[in-house]
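So the structure is just underneath, and the comments pick up after that.
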Amino acid sequence: MRLDELASVIGGDTLVQGTRENPEIGYAFAADLLSDVLALTEGEDRTTLVTGMISPQVMRVADILGIAAIVVVRGKTPPPSMIEYATELGMPLLTTKKTMFETCGVMYANGVRPCRIRPVHKTRDCR
Amino acid sequence: MRFQIQAGDIEHGGSASARIKSELTRSGVDPSTARRVGIVSFEAEMNLIVYSDRGGSLTVRVEPEAVVVEIEDSGPGIEDIELAMTPGYSTAPEWATDLGFGAGMGLANMKVNADGFEIWSQPGEGTRITCRIDRAGSAAPGRKEGHETE
């Protein structure tokens, strides 16, 4: 599903279009818990983050992970700083009045699938 | 790069890490490594903000084969490191969890994203953590063999 189709099926507003032209939205991860977003998502460059959080940290987490797009649910209004950040990054930012559950359901029904979850790998001591 | 992180400064939480990732990418560190460094430093930064008494330092050093992240604070220290490393275990205050942090994934996530992880902590004294993230482009066969023979 393309970004414009996503906006259409979730009844969303596209606040930031992003730099890539109508990108493919193939995968998603939904959470308000940013700790989980940081810990679990993988393949982020193709992953849309669905969240109800509109704190500055959402954009910083999305920036660090290289998230493909953000959908803000439950009718939250992102502050200007969030819109500016997304614009600077060229990251699509959408809003919808739907709940997270319904947003995810609609996205899944339209072919969007869960992003990969990061496997735990063995670590060695620094020295 | 060295950043001083203030305890309780949630407003700027993650801004040092976003800058670190951006600077690393700009200086030619591959995106995958920069992303892992960003995750490790973000977790460390939030830990300093949420848990430390007086904040602490976050230092990032770029070496030819790895990026090293060092975190140091002067208290309160961790009573039980093994317990603190357990995914899901958290002593975060409510204001942190309200903002989506403090889920008890921080230290475990740092370890998962690092190729080397070392932690020292003493209650009443402080905590020091060193994480080494191997640079993706530096995994030359010779170097890898060297690791295996260690």
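Coordinate-derived values only; no laboratory data. Predicted model, so just to flag it, every value in this text is computed and none were measured. Note that each Cβ is placed from the backbone with ideal geometry, even for glycine, and that neighbours are counted across all protein chains shown.
Tabulated data for the structure shown
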| read-out | value |
| --- | --- |
| B:E45 being surrounded by fewer than 24 Cβ atoms within 10 Å (Cβ to Cβ) and touching a strand residue (DSSP E or B) at 6+ places or on another chain (Cβ under 6 Å) | no |
| Every pair of residues 6+ apart whose Cβ atoms lie under 7 Å, when the first sits in the range B:83-106 and is within 9 Å of chain A (Cβ to nearest Cβ) and farther than 22 Å from A:P56 by Cα while the second is crowded, with 21+ Cβ neighbours inside 10 Å and hydroxyl-bearing (S, T, Y) | none |
| Wholly enclosed helices (runs of 4 or more DSSP H) of the range A:16-127 bearing at least 3 residues surrounded by 15 or more Cβ atoms within 10 Å (Cβ to Cβ), touching a strand residue (DSSP E or B) at 6+ places or on another chain (Cβ under 7 Å) and within 14 Å of chain B (Cβ to nearest Cβ) | A:56-65 |
| Test: residue in the range A:34-50 that is farther than 26 Å from B:A44 by Cα and of a type in the set (A, V, I, L, M) | no |
| The range B:19-43, subset touching a residue at least 12 places away in the same chain (Cβ under 8 Å) and outside any helix (DSSP H, G or I), residue farthest from the other protein chains (Cβ to nearest Cβ) | B:S27 |
| Residue within the range A:63-74 that is more than 17 Å from B:A96 (Cβ to Cβ) and over 13 Å from the mean Cα position of the chain (by Cα) present | yes |
| Pairs with Cβ under 8 Å, 6+ apart, first in the range B:113-138 and at the interface with chain A (Cβ under 7 Å from one of its Cβ atoms), second in a loop (DSSP other than H, G, I, E, B) and surrounded by fewer than 17 Cβ atoms within 10 Å (Cβ to Cβ) | B:G116/A:D125; B:G116/A:R127; B:F117/A:D125; B:E118/A:D125; B:E118/A:R127 |
| Subset of the range A:1-15 [in a strand (DSSP E or B) and under 30 Å from B:I10 (Cα atoms)] | A:D13, A:T14, A:L15 |
| Residue in the range B:67-77 that is touching a residue at least 60 places away in the same chain (Cβ under 8 Å), β-branched (V, I, T), away from every other protein chain (no Cβ under 13 Å) and within 29 Å of A:Y85 (Cα to Cα) present | no |
| Search result, residues across the range A:3-22 that are touching a residue at least 24 places away in the same chain (Cβ under 8 Å) and either small (G, A, S) or within 19 Å of A:R113 (Cβ to Cβ) (or both) | A:L3, A:E5, A:L6, A:A7, A:V9, A:I10, A:G11, A:G12, A:G18 |
